[in-house]
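Any read-out appearing in this document is the output of simple, stated calculations on the displayed coordinates, not a laboratory observation. Keep in mind the model is a prediction, meaning the values are calculated, not measured. Backbone-built Cβ (ideal geometry, glycine too); neighbour counts: all protein chains shown.
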Amino acid sequence: MSSLEDWIDRYRRHLRRRGYALRSQEAYHQILEAFEVFLEGQGIEVPGAIDRQVMSDYQTHLYSHVRPDGRPWSLKTQSLHLTVISGFLRFLVREGALLLNPVEGIDFPQFGPRNPPRNVPTPAEVVAILEAPDPGTNLGVRDRAMLEVLYSTGMRVGELIHLRIYDVDLSRGLVTIHGGKGNKDRVTPLGTQAVDAVRDYLERIRPRYRRSAQTPVLFLSSRGRPLFRSSVARALHRYTTQARIERKITPHSLRHACATHMLQGEASIRHIQELLGHKQLSTTQLYTRVIIDDLKAVHKRTHPRERRPAKPDPEPDS
């Protein structure tokens, strides 16, 4: 009979086969290791001994857990732990190590609706950032192409750095994103400005950066290597500073900007869902809250019934 440690290793291999990002695999593994430590403290060494009472005790354990600074874990963190463990237990059921999933019917912590995206740059700010790279340098041409693709497609930075040259169809203005979140592939439009920027990079710069004819990755470092997430983030920070934008802008901010600006342009929320690769429409609907907040501010500023007349001066005492 396999130990819990063996099953956790099997589950991690399962996540790797499903195409989960390395960071997600590591985060899941840490949560499951903490769960294993708890079970060992209860004298449980094999999956078959995990039942509803054990899971109820673990939920209480999470609720009473405190961080090094003495503060309790947030309900969101508790729910994340239970969600990851629930997936692991479903895996054990499918593999025959458990008869029933012991978390079925257990209520997870409710922490309210997710907050809408913050620090979404305005269209004018995005234009300033996109025009900041120097078109007279190799780095500037490459970075302009990267930023145009991020803003045009709303893709995640992890998806950007894994793009291959044959994922981009410049003649049709399309880009294929392989192995997105949840291991889903999708095809998204690539706007004309992004097409022109990528074509310029491919024709003039990438051949200089390429060190091997076998390198399929689209965006390369000056040494001919694939980029890291941090490389894209540092480049964006540099251009945000050059554009004299004080708010913090990250690669994910351009994803938020793409969705928000398209909704402001009256795009369908269903189309935004497909563009961003969201599994649940409720995730995409967070962007509508940004639009509604903006609409409320405009309504308050411009609607006749919101523009209160000035109060008349009080009558002088007789």
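Observations, loosely collected:
- Gain in span if fully extended, residue 60 to residue 192, counting 0.36 nm per residue against the direct Cα distance: 42.1 nm
- Neighbour-count order for 248, 184, fewest beta carbons within 10 angstrom listed first: 248, 184
- Point-to-point label distance, residue 122-residue 137, nm (Cα→Cβ direction, 7 Å offset): 2.8
- Cα gyration tensor shape for the range 183-275, rounded if a/c is under 1.5, else prolate or oblate: oblate
- At full extension, residue 100 and residue 264 could sit 54.3 nm farther apart than now, given 0.36 nm per residue minus the alpha carbon distance.
- Protection proxy ranking of 53-59, 147-153, 221-227 - average other beta-carbon atoms within 10 Å, highest first: 147-153, 53-59, 221-227
- Along principal axes, Cα extents of the range 129-258, largest first, whole Å: 39, 34, 26
- Gyration tensor verdict on the range 4-94 (Cα atoms; rounded if a/c is under 1.5, prolate if a/b is larger than b/c, oblate otherwise): oblate
- 3J(HN,Hα) couplings calculated from phi for the range 71-84 with the Karplus curve 6.51 cos²θ - 1.76 cosθ + 1.60 (θ = phi - 60°) are, in sequence order, 7, x, 5, 5, 4, 5, 5, 4, 5, 4, 4, 5, 5, 4 Hz; Gly and Pro show x.
- Calculated FRET efficiency, residue 208 to residue 252, Cβ-Cβ distance, R0 = 30 Å: about 0.50 to the nearest 0.05.
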